[in-house]
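Student: A single structure is presented below for examination.
The values are calculated or read from the model by the stated rules, or taken from the named source; none is laboratory data. Computed from a predicted model, the values in this text were never measured in an experiment. A quick note on method: Cβ atoms are made from the backbone with ideal geometry, for glycine too, and the neighbour counts reach across all protein chains shown. Side chains included, ligands, DNA and RNA excluded: accessible areas come from the protein's heavy atoms. Shrake-Rupley method; radii C 1.70, N 1.55, O 1.52, S 1.80 Å.
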Amino acid sequence: MSYSDELAADLFFINNGEIDLLTGAIAPARFNQIVERDLQLSDRNLTQLSMICSNLNINTFLESRFKNSRLSKAQLKLEIESELVSINFQLKNTFRQSDCISRTYQLGFWVFLVGKDQSDGNQLLSRSRQKLPTYLDLNISHREPKQSQLDWYSQIDRLQLNN
């Protein structure tokens, strides 16, 4: 296990079923309920659904912020957790209020977009990359018509884990 993997594994990652207790983002269980509801509506109304995955790249973050610093593992963990809180606020300021944001991994968030066709979603991703920190890896997944939630999540997981 690499040093960055060790840091990620030690991060505070607990929710109360409604929100992530560190960042205030929607908890995965609540997020899944919202996505499931909108999947059903999307199939009936033929609306496009997309998910933006954002991952804090620990190595890039640490290099950009603490290149010559000698912080302890505990201090680095606190800095990373503080940055995750900041990222949640930055995501909220970047996307529409109606877009749901969930912390789905120790270092990652999903942003659920309803009604964005692939072209609009890709443009939004491009604009988001300009607004958000460079140590935040961003990707987008567009749901295929009638694709199950599980299959779509598997597709999103592959995107997120490839970062």
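Student: Filtering region 1-15 down to residues that are touching a helix residue (DSSP H, G or I) at 6+ places or on another chain (Cβ under 8 Å) and assigned to a loop (DSSP other than H, G, I, E, B), which residue is surrounded by the most Cβ atoms within 10 Å (Cβ to Cβ)? Spell out how you get there, then give the answer.
Tutor: Step one: of region 1-15, the residues touching a helix residue (DSSP H, G or I) at 6+ places or on another chain (Cβ under 8 Å) are 1, 4, 6-8, 10-12, 15.
Remaining after also requiring assigned to a loop (DSSP other than H, G, I, E, B): 1, 10-12.
Working: Met1: 7, Asp10: 15, Leu11: 17, Phe12: 14.
In this case the residue turns out to be Leu11.
Student: Just to verify a result, which residue in region 95-109, among those that are out of contact with any helix residue (DSSP H, G or I) (no Cβ under 8 Å at 6 or more places or on another chain) and not hydroxyl-bearing (Ser, Thr, Tyr), is surrounded by the most Cβ atoms within 10 Å (Cβ to Cβ)?
Tutor: Restricting attention to region 95-109, the residues satisfying the condition of being out of contact with any helix residue (DSSP H, G or I) (no Cβ under 8 Å at 6 or more places or on another chain) are 96-99.
Checking which are not hydroxyl-bearing (Ser, Thr, Tyr) leaves us with 96-97, 99.
On the way: Arg96: 13, Gln97: 5, Asp99: 17.
Here the residue is Asp99.
Student: Out of all the residues in region 16-29, which are in contact (Cβ under 8 Å) with a residue 40 or more places away in the chain and not in a loop (DSSP other than H, G, I, E, B)?
Tutor: Asp20, Ile26, Pro28, listed by residue number.
Student: Out of the residues in region 73-94 that are open to solvent by less than 50 Å² (accessible area, probe 1.4 Å) and without any contact (Cβ under 8 Å) to a residue 40 or more places away in the chain, which is nearest to Leu49 (Cα to Cα)?
Tutor: If we take residues in region 73-94 being open to solvent by less than 50 Å² (accessible area, probe 1.4 Å) and without any contact (Cβ under 8 Å) to a residue 40 or more places away in the chain, then Thr94 is nearest to Leu49 (Cα to Cα).
Student: Tell me which strands (runs of 3 or more DSSP E) are completely within region 63-163 and hold 2 or more residues being under 16 Å from Gly24 (Cα atoms) and at pLDDT 95 or above, or say none if there are none.
Tutor: Values: elements: 100-103, 108-114, 136-142.
In region 63-163, 100-103, 108-114 are the strands (runs of 3 or more DSSP E) which contain 2 or more residues that are under 16 Å from Gly24 (Cα atoms) and at pLDDT 95 or above.
Student: Something else about it: Looking only at residues that are outside any helix (DSSP H, G or I) and open to solvent by 40 Å² or more (accessible area, probe 1.4 Å) in region 30-56, which one is modelled with the lowest pLDDT?
Tutor: Leu46
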